Amino acid sequence: MKKAMLFFIIASAFALFALGASLAAYLWPAGYSSARFESGGVIASAAFGASRVYSTSDNKVFCLNADGERRWEFQMSGSASALDAAGGAVYVGLGSGRVVLISEDGEQTGVLDTGSPISALRAADGLLAVANAAPNANSIKVYSLSALSLLAELTLNSAANAIEIGGGRIYAATRRGDVYLVAQSDFTMKTVRLDGEGAALRLFGAGLLAADKSNGLYYIEDGAIALRDAFPGDNYSSAHIAVSGGTAAVGAGNALSAFDTGLKKRGAALRLGGTIQAVYADGDRITAVLRDENATVAFDALRSVAVVGVFKTAAPLSAAAALAVSFVLAVFAFDLRRVKAAAGLVYKKRRAYIMLLPTFALLILFALYPAFQALVMAFTDWSAASRAVSFVGLDNFRLMVSEGYFLIGIKNTLLFLASYFIKVLTVPLGIAALVFSLRNERAKYWLRFFIVLPMIVPSIVMILMWRNIFDPSNGLINTLLRGFGQEGLTRAWLADERTALWSLMLVGFPFLDAFSFLIYYGGLISIGGEVIEAGRLDGAKGLRMFFSLYLPLIKAQIATLLLLGFIAQLQDFNLVLVLTKGGPGTKTYLPGYELYLNATAFGRYGYACALGLLMFVAIFIPSFISNYISDRRGKRVDI
Amino acid sequence: MKARLKRNINQGLIYAAVLTTLTVAFLPIILMLGVSLKTRYQLIVDFWGFPYPFAFGNYAEAVKGVYANVGNSLIYASAATVLVALLSAMGGYVFGVLDFPGRNALYMLLISFLMIPAILILTPRLALINSLGLRNSPFALILPWASGGQIMGIMLVRSAASGQPKEIFESARIDGAGEFRSFWSISIPIALPILTTIAVMNFMSYYNDYLWPLTVISDEKRQVATVAIQMFQSNAGDNGVGQSVAAYAVITVPLLVMFIFSSRVYMSGLTSGAVKT
């Protein structure tokens, strides 16, 4: 039996490792690459046949092919605030009010003066619509593409941020949040009101998709809002929409999400590695142009991602399915001899498996899968901001040493551990022995009752009450000191470098922990009357009784509490999170808190996983040794 | 006579030591009740005084501020508790009563899940919740909560169920009861006491959870009580110390009520199954 067990453990370890590795490979997103060259941030961009044209903040217009390679670039005389392409020409709108026409080969072919600064333009359906933004005159001028002759001038209530042409209409979304619907035939206008400042417009299905800067998404059909929803993104960042078939991609801030024509989200939003500057869709691929950290666009940041919905939700689900299948395989590999005979039995006993399915499904999805992900990702640069993950070897572990927060955390953890051991071995043990040695059963019951009662106060409430006690101005401790005339001793206990750590250790005074008390008390009860009577007949009493009789007989309880406490102390950082945030300075950092910060505020998932892995090893080894020892002694401490 | 006197003195000293420790241990709770009933003025002028006249207004404000979050906590924690109790009962029954291929291997695997510490999976779980689009959803709490508690539950129910004579289940089968039927009408009643313990233990830890809700719930309306009291506190500001502390007391009430109805579980159940020698 022991051999079989060992075989099983080794086999499943191998199987799970292989699984973890393949899982990691599966989760790697598709790569991207292209010649890197840098320029200013993208101001406006448009599709130009199979190519893309971009105007950048350093007054240039670039034309890149589908692979991101530069076809040509054009130096403008001023900043290009808007551009579009149609019929073999690029129309670049400038702050000066001029529209520059550029041919397919990057040659200037004409200039059109619209009179005032241009905020948006669009060329389609044989029309060129230019939005002019002047302090008191906001308008759209509509030209014919062929002759560049002015067809109409329409007055708006505020400057237009986006223009769209199609379906017999011209649409404009303004800063005041109005969407103008203009008929191409007679230029009659209608408006629809959005909740926030208009940001982007795209034809979608039979209607129009509009995004505002308050993260609102609208589907406008027949001159009215038919559907509305919200998309993720940093508030008030500009939104970009791209449409391909029945899918619309919306990029805002660093979030990219996909919607179907019913405005149903297709999967969760992707968080990309930088601010989205433009979004394209063709076929089932979405391309997002990102602004990199230096606020310039590196054109290798042109990142292709598959349709968000398919890409994102498929990963965890199919991973879970793969896990489930290999798990079943592993189980049967172990019981190989019985498989043939059991095939029929499995079906007969199917209800047993059905009843276990939810438990294992939950545990695999929310415990096993994350655990293996953590083991693998600890060696990568996985981050909240980027989908591209690559192996970085032991870099994360080097970072722990070079950054130093983790090392401070280890020192503090050791101090907290020492104080925990002292606390748990004194007060709860002493009180348990004292209560146990009382003669009055009723009194024993009620004392136990009141010792256990504080257990119901949520730990967070206890921590907050201790914050109140430490409060510099009207906390219990300082008020007490002032009452005794010791004004000089008062201080901001949690904010003072010299006292912060010790104050945290003082939380919970007098350390009468109900759980430890109950474990000790349970151990004392199980000693049995005869043993105690025998000890008493031998003349033992008081302290001698405690040290020579009680203590050896509740060794298992003590060992359990020390182990449980060790595991909890290593992981728990609520105290620091609520009371000091690791401060003052870095005085009270804990490894768990450092992990939490990296997993949330900093978004450095890979580094957080590495910290978690190290802490797991630190927890696992003592647990393993202690179980091994108690197994050999024929005693087992189940935790 | 002298020995007896000495014994009585001894016992008296023990009472004195235990009661003193107990009183100090209750100080934060007494302080909580005291501060919660004082106005700002009373707190400054008369810190040590009895909180009279009672500032019940603090409680009115606190209840108004956090009752919805307490409701959230109760709903989320109850859902997870019911799920865990049900899964524990089913799993314990399957492992304790039924015989099926792979039983031992599956049980070993189940136990091995206990080795995964929370801190290891915090980051991937967070990423998983984000990628499933569950952020701000009750399921972001309920599902992870319900992935773990049932292991200990299954172990406990299993030992309770396997202690039952097999004949009960045999005769039920002969009477035509299927697996599900004999689970519902025999196993659940047998395991009810241990299930109560499991439910109380888990409910308490879910209601107490602070870190995970803080991490995955950012919508104030959906937030749980333990996090909400801090938001309430920052809204109340320095002048609202009494109100904030009253909110602490308010969110403790559900656990107090549970304690009143199940103190037995707390005083013995919590330690049963924890240590076996």
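Looking only at the stretch A:411-427, filter to residues that are surrounded by fewer than 18 Cβ atoms within 10 Å (Cβ to Cβ) and under 27 Å from A:PRO552 (Cβ atoms); which one of those is nearest to the other protein chains (Cβ to nearest Cβ)?
For the stretch A:411-427, the residue satisfying everything is A:THR426.
Hey, A:GLU164 hits all of (1) in a strand (DSSP E or B); (2) touching a Gly at 6+ places or on another chain (Cβ under 9 Å); (3) not aliphatic (A, V, I, L, M) but one; which does it fall short on?
A:GLU164 satisfies every listed condition except (2).
Go over the candidates A:SER103, A:SER116, A:SER81 one by one and state the one that is among the polar types (S, T, N, Q) and modelled with pLDDT of 85 or more.
Values: A:SER116 fails: modelled with pLDDT of 85 or more; A:SER81 fails: modelled with pLDDT of 85 or more.
After ruling out the rest, the residue left standing is A:SER103.
For the condition touching a residue at least 40 places away in the same chain (Cβ under 8 Å), within 16 Å of the chain's Cα centre (by Cα) and at the interface with another protein chain (Cβ under 8 Å from one of its Cβ atoms), what is the one hit in A:ALA388, A:ALA374?
A:ALA374
Of everything in the stretch A:62-87, what is small (Gly, Ala, Ser) and in contact (Cβ under 8 Å) with a residue 24 or more places away in the chain? Give them in sequence order.
A:GLY68, A:SER79, A:ALA80, A:SER81, A:ALA82, A:ALA85, A:ALA86, A:GLY87
Return yes or no: is B:SER73 within 30 Å of B:GLY240 (Cα to Cα), polar (S, T, N, Q) and within 20 Å of the chain's Cα centre (by Cα)?
Details: within 30 Å of B:GLY240 (Cα to Cα): yes; polar (S, T, N, Q): yes; within 20 Å of the chain's Cα centre (by Cα): yes.
Criteria met by B:SER73.
Quick check on my filter: what residues within the stretch A:572-593 are within 17 Å of B:ALA118 (Cα to Cα), crowded, with 24+ Cβ neighbours inside 10 Å and of a type outside the set (Phe, Trp, Tyr)?
First, the residues of the stretch A:572-593 that are within 17 Å of B:ALA118 (Cα to Cα): A:572-575, A:577, A:590-593.
Narrowing further to those that are crowded, with 24+ Cβ neighbours inside 10 Å: A:573, A:590-592.
If the condition is that a residue be within 17 Å of B:ALA118 (Cα to Cα), crowded, with 24+ Cβ neighbours inside 10 Å and of a type outside the set (Phe, Trp, Tyr), then A:LEU590, A:PRO591, A:GLY592 are the ones that fit.
Just to verify a result, which residue in the stretch A:75-94, among those that are assigned to a strand (DSSP E or B) and of a type in the set (S, T, N, Q), is nearest to the chain's Cα centre (by Cα)? So that I can check it myself, show each step before the final result.
Going through the stretch A:75-94, the residues assigned to a strand (DSSP E or B) turn out to be A:75, A:80-86, A:89-94.
Then drop every residue that is not of a type in the set (S, T, N, Q), which leaves A:75, A:81.
Numbers: A:GLN75: 41, A:SER81: 35 Å.
For the stretch A:75-94, the residue satisfying everything is A:SER81.
Pick from B:TYR76, B:TYR107: which is hydroxyl-bearing (Ser, Thr, Tyr), in a helix (DSSP H, G or I) and closer than 29 Å to A:PHE620 by Cα? Lay out the reasoning, then the answer.
Values: B:TYR76 fails: closer than 29 Å to A:PHE620 by Cα.
Going through B:TYR76, B:TYR107 in turn, the sole match is B:TYR107.
Quick check on this structure: which one of A:ALA342, A:ALA324, A:ALA361, A:ALA330 is of a type in the set (Gly, Ala, Ser), modelled with pLDDT of 85 or more and not assigned by TED's automatic domain parsing to the domain that holds A:THR560? Break it down into steps so the answer makes sense when it comes.
Working: A:ALA342 fails: modelled with pLDDT of 85 or more; A:ALA324 fails: modelled with pLDDT of 85 or more; A:ALA330 fails: modelled with pLDDT of 85 or more.
One residue alone meets the criteria, A:ALA361.
Each row is one residue, and each column tells you yes or no for (1) closer than 23 Å to B:GLU170 by Cα; (2) more than 8 Å from chain A (Cβ to nearest Cβ).
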residue: B:VAL84; (1), (2): no, yes
residue: B:TYR93; (1), (2): yes, no
residue: B:ASN104; (1), (2): yes, yes
residue: B:SER112; (1), (2): no, yes
residue: B:PRO117; (1), (2): no, no
residue: B:LEU122; (1), (2): no, no
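A quick yes/no check of all residues on (1) assigned to a strand (DSSP E or B); (2) charged (D, E, K, R):
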site	(1), (2)
A:GLU73	yes, yes
A:SER96	no, no
A:GLY115	no, no
A:ILE140	yes, no
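When A:GLY97 is evaluated against the numbered criteria (1) buried (at least 23 other Cβ atoms within 10 Å of the Cβ); (2) within 18 Å of A:SER55 (Cα to Cα), which criterion, by number, is the only one it fails?
It fails just one condition, (1).
For the stretch A:458-476, what are the residues that are among the polar types (S, T, N, Q) and touching a Lys or Arg at 6+ places or on another chain (Cβ under 8 Å)? If you could, list the steps in order and put the result at the bottom.
Quick first cut of the stretch A:458-476, residues among the polar types (S, T, N, Q) only: A:459, A:468, A:473-474.
Residues satisfying the conditions do not exist here.
What single numbered condition from (1) facing chain B (nearest Cβ under 10 Å); (2) surrounded by 15 or more Cβ atoms within 10 Å (Cβ to Cβ) fails to hold for A:LEU597?
For A:LEU597, the exception is condition (1).
Being in a helix (DSSP H, G or I) and either crowded, with 16+ Cβ neighbours inside 10 Å or at pLDDT 90 or above (or both) narrows it down to one of B:ALA177, B:ALA247, so name that one.
Values: B:ALA177 fails: in a helix (DSSP H, G or I).
Testing whether each residue is in a helix (DSSP H, G or I) and either crowded, with 16+ Cβ neighbours inside 10 Å or at pLDDT 90 or above (or both) leaves just B:ALA247.
Of (1) closer than 30 Å to B:VAL94 by Cβ; (2) hydroxyl-bearing (Ser, Thr, Tyr); (3) buried (at least 17 other Cβ atoms within 10 Å of the Cβ), B:SER205 satisfies all except one. Which?
(3)
Filter the stretch B:123-142 for residues that are assigned to a helix (DSSP H, G or I) and free of Cβ contacts under 8 Å to residues at least 40 places away in the same chain; which is surrounded by the fewest Cβ atoms within 10 Å (Cβ to Cβ)?
B:PHE139
Residues are listed down the side, and each one gets a yes or a no for (1) modelled with pLDDT under 95; (2) farther than 16 Å from A:PHE509 by Cα; (3) buried (at least 21 other Cβ atoms within 10 Å of the Cβ):
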{"site": "A:TYR405", "(1), (2), (3)": "yes, yes, no"}
{"site": "A:GLY409", "(1), (2), (3)": "yes, yes, yes"}
{"site": "A:ALA433", "(1), (2), (3)": "yes, yes, no"}
{"site": "A:ASN440", "(1), (2), (3)": "yes, yes, no"}
{"site": "A:TRP446", "(1), (2), (3)": "yes, yes, no"}
{"site": "A:PRO454", "(1), (2), (3)": "yes, no, no"}
{"site": "A:VAL457", "(1), (2), (3)": "yes, no, no"}
{"site": "A:LEU464", "(1), (2), (3)": "yes, no, yes"}
{"site": "A:ASN468", "(1), (2), (3)": "yes, no, no"}
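Whether any residue in the stretch A:428-441 is in a helix (DSSP H, G or I), touching a helix residue (DSSP H, G or I) at 6+ places or on another chain (Cβ under 8 Å), more than 26 Å from A:LYS555 (Cα to Cα) and more than 7 Å from every other protein chain (Cβ to nearest Cβ) is what I want to check.
Within the stretch A:428-441, none of the residues are in a helix (DSSP H, G or I), touching a helix residue (DSSP H, G or I) at 6+ places or on another chain (Cβ under 8 Å), more than 26 Å from A:LYS555 (Cα to Cα) and more than 7 Å from every other protein chain (Cβ to nearest Cβ).
From the set of residues in the stretch B:30-50 that are at the interface with another protein chain (Cβ under 7 Å from one of its Cβ atoms) and surrounded by fewer than 19 Cβ atoms within 10 Å (Cβ to Cβ), which is nearest to B:ALA246 (Cα to Cα)?
The residue in question is B:LEU31.
The values are calculated or read from the model by the stated rules, or taken from the named source; none is laboratory data. Predicted, not measured: the structure shown is a model, and the values here were computed from it. Methodologically, a virtual Cβ is constructed for each residue, glycine included, from the backbone with ideal geometry; neighbour enumeration extends over all protein chains shown.
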